[in-house]
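Let me begin by presenting the structure, written as C-alpha cells, before commenting on it.
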Amino acid sequence: MANPTDFWRPALLSLLVLTACSKQEAPSEEVRPVRTVTVTQNANNAGNSFAGQIRARTETDLAFRIGGKVVAKLVNNGEHVRKGQLLARLDPSDTSLDTSAKQAQLAAAESDLAQQQLNLKRYQELLAKQFISQAQVDSQQNGVNAARSKRDEARAQLNASRNQGSYTQLLADADGIVSQIQAEPGLVVAAGQAVARLAHDGEREVAIQVPENALASVRQQPQFTISLWAGKQQYQGKLRELAGDADAATRTYAARISLPNATTLALGQTATATLLGSSDPQGSAMRLPLTALLDEQGQHFLWVVNGKTLRVSRHPVSVIRIDGDSVTLRGGVQPGDKVVSAGVHLLREGQPVTLLQGEN
C-alpha cells in the first residue's frame, strides 16, 4: 500500500520553490553623510543693510591753474586747514619774468600816450593861430586815442600776468581736512591736474554701494539707521544721492546718505546703513554658506534635514544677494532648521542621511 506522504511530497516541494521565487530581497537605501548648518534669524536684516564709510558732504579736488614745477609742499595728509591757507607752491620764475615784461610794456604805452597828448596840445595851439588845419588836429586826436587804447591793453595784460603769478600758489578754498596731497617738491604738473583733495568741514555722509536687487527698497524707503563700528553710535540719515548708472567694475550703484547731526565724525570710519522700518513679508532675511544653495533651472532650493526621520526635503527659497562665499535669502526655512551645507547636488527628495560627528 502506498504511503500517503508520497502523494503530498511533490506538491510541497513545488510550493516551497514557488514561495522562494516570489520572495525578493528589498534593496537597501543609501544613507549619505552630510554636513549641516543651523538657520539663525539675521537680526540686522542683512538684505537691507549696506556697508559704507563716513565721507564729507563736500569734497574738492584742488589743482594749480597753470603748469609748472612744484617747489614747496606746506601741508601733509590729514591736516586741518583754513580757507585761503597756502598748501603748495610752484616755481614763480617764468611768471615773474612775464610780469616784468608786461610792466615794461605798460610803461612804454603810458609814455607814448603822454607824448601824443602833448603833441595834441601843441596842435591845438597852432590851430588857434591858424598855422595848421583842423584835419591835422583831428589826426593827432586819433593818435592820442590809439595810444590810450594801447595803454589800457598793456595794463590789462599786466593784470593778467599778475593773476598768473598768483596761480603758482595752491590755496584752500574752504575750512577742512586735507585727505590727499600729491604735490611733492620736484613734481612737474600740468594746468588743472589734481594734486590735493580737501574734505570740507560741516555735514558728514555715508557712502554705500547698493546692489541692483535692492534699488527698489532704497528708493521706496530712503530713511536709514547708521551704526558705527567704532563706539557703536547710531544716527538717523536720509538718502541724498543715488547713482543713475552702475559701476562698471562692481555692478553696484553708488549712494550717499546725509547725516545732518553728525558733523564731528572722523572721515573714513566704517559704518553700516540699515533701512529704517523696512518690512519683510516673507520672513527675516537669513545668511547661509553659498554651498548650501541648490540651483536648478533658475530656481533656488535648500535641503532641510528632518530631525526625527533624518531624511531630507527640498524647500524653495528666494535669493536676495550673494556676497563672496555666502548668500542672503528669505522664505522656505525657519530659524532652527538644519540645512545641508555641502554636496547638495548629490541628494534626492526623502533620502536618508546621517549627520557628521559633532553636528547632531
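Readers should treat all values here as calculations from the given coordinates under stated rules, not as data from a laboratory. Source: prediction; values computed, not measured. Backbone-built Cβ (ideal geometry, glycine too); neighbour counts: all protein chains shown.
Summary table below
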quantity	calculated
Binned Cα-Cα distance frequencies in the stretch 93-166 - 5 Å width, integer %	3, 19, 18, 14, 13, 9, 8, 6, 4, 3, 1, 0
Which of S93, S258 has the fewest Cβ neighbours within 10 Å, and the rest in rising order	S93, S258
Spacing of the two label points (7 Å from each Cα toward its C-beta) at E296 and Q124, in nm	10.7
Convex hull projection area averaged over all views, the stretch 74-204, Cα basis, nm²	11.7
Rounded to 10°, Cα long-axis angle of helix 93-128 versus longest principal axis of the chain	40
Gained length - L355 relative to A243, 0.36 nm times residue gap less alpha-carbon distance	35.6 nm
Extent along principal axes [Cα atoms of the chain; Å; largest to smallest]	189, 44, 41
Pairs of Lys in the chain closer than 18 Å at Cα, counting only those 8 or more apart or on different chains	4
Length-normalised contact order of the chain in % [C-alpha pairs under 8 Å, at least 6 apart]	26
Cα-based Rg / Dmax (Å) for the stretch 168-240	18.4, 52
